[in-house]
Amino acid sequence: MKKIMQTKEDLKNQLDDQLNLLQVLADSYDRGNEIVSKSIATSIRVLVHDTDNSHSLLSLLGIKEQKFTDTAIPLTVCLERLTGSYCALAGLVVGGRNKYIPNYDDTSSRSISFTEYWEGVIFVDKDHNTFSRKDIVLSLANQDGGAHVDPKMDINYKKLAKENSLGWKKSINGRSWVDVNGSVSAAIRQIGHEILRTIKADYPIKKAELVPGETLIGGVQIEDLGLDDREIYKKVGRNEKCPCGSDLKYKKCHGR
């Protein structure tokens with residue numbers, strides 16, 4: 001089949017189409033159609049993911065070097081001391097729906113390089129498996145029905161997306177407990193929000209919509225500190241290196 005190179009103008013039109021598609025999918029998710037998270041993941045892949053054999057749309061246009069909007073709640077607990085799990089891009093609504101929802105613009109944001117954005121940790125499950133934006137976008141797009149269904153699926157992704165490896169549960173009528181799932185789809189929606197915030201200048205500010213009685217819990221991190229650990233921390237000067245091994249000064253780590 002004979003092919004012809006697309007012009008820069010063609011590629012800009014493709015970018016407009018992809019951003020409009022991503023916004024349509026995001027709006028559909030917000031109306032309750034959470035299944036479109038599969039298509040959101042595929043759209044994100046088209047926009048930003050490069051391989052040896054294919055180039056992302058942002059790379060083709062030479063704009064991937066710009067800073068990306070990061071809305072993740074920072075991981076402040078050392079992994080070896082983390083008790084439980086960590087979810088950076090989605091919050092858990094309690095007191096009503098008891099489900100995961102995207103953080104939208106309810107958290108602070110910063111601008112970071114694409115590599116830091118794409119490969120930084122956004123999930124830590126209760127078994128201390130870590131996941132980046134790249135991990136969940138590509139797993140959903142390439143294995144879990146976004147653009148392809150693979151007969152084999154990454155085992156840790158499956159535990160996160162299907163088996164509640166974050167470990168949060170909700171009560172049914174105050175008598176029994178069931179898993180709270182949906183963290184991956186909510187995080188994918190938030191990544192779509194970040195991409196739109198990064199590239200689409202007129203993308204509107206969005207806040208989570210809660211009903212009376214609901215509370216949004218985000219980025220829960222519980223640190224396991226024994227008595228001996230507490231005594232060690234008390235003796236550290238604020239400008240000394242933190243005993244946790246982070247290589248940061250105490251005042252910028254556990255002394256905050």
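Any residue in region 15-36 that is touching a residue at least 24 places away in the same chain (Cβ under 8 Å) sitting within a Cβ distance under 9 Å of a residue that is hydrophobic (A, V, I, L, M, F, W, C) and not in a helix (DSSP H, G or I)? List the pairs, counting only those 6 or more apart or interchain.
Filtered contacts from region 15-36: L15/L61; L15/I63.
Just checking, how many residues over region 64-101 are under 18 Å from A201 (Cβ atoms) and surrounded by 14 or more Cβ atoms within 10 Å (Cβ to Cβ)?
Qualifying residue count, region 64-101: 5.
Among the numbered criteria (1) modelled with pLDDT of 95 or more; (2) under 25 Å from G120 (Cα atoms); (3) over 15 Å from the mean Cα position of the chain (by Cα), which one does K207 miss?
So K207 meets the others, but not (1).
Of the numbered conditions (1) crowded, with 16+ Cβ neighbours inside 10 Å; (2) in contact with a strand residue (DSSP E or B) (Cβ under 6 Å, 6 or more places away or on another chain); (3) β-branched (V, I, T), V48 satisfies every one except a single condition; which is it?
With (1) crowded, with 16+ Cβ neighbours inside 10 Å; (2) in contact with a strand residue (DSSP E or B) (Cβ under 6 Å, 6 or more places away or on another chain); (3) β-branched (V, I, T) applied to V48, the lone miss is (2).
Return a yes/no flag: does region 83-94 have any residue that is part of a helix (DSSP H, G or I), under 26 Å from N33 (Cα atoms) and at pLDDT 95 or above.
Within region 83-94, not a single residue is part of a helix (DSSP H, G or I), under 26 Å from N33 (Cα atoms) and at pLDDT 95 or above.
Could you check how many residues of region 95-109 are under 13 Å from the mean Cα position of the chain (by Cα) and assigned to a strand (DSSP E or B)?
3
The values are calculated or read from the model by the stated rules, or taken from the named source; none is laboratory data. Treat the numbers as computed from the prediction; the structure is a model and nothing was measured. FYI the Cβ positions are ideal-geometry reconstructions off the backbone, even for glycines, and counts take in every protein chain you see.
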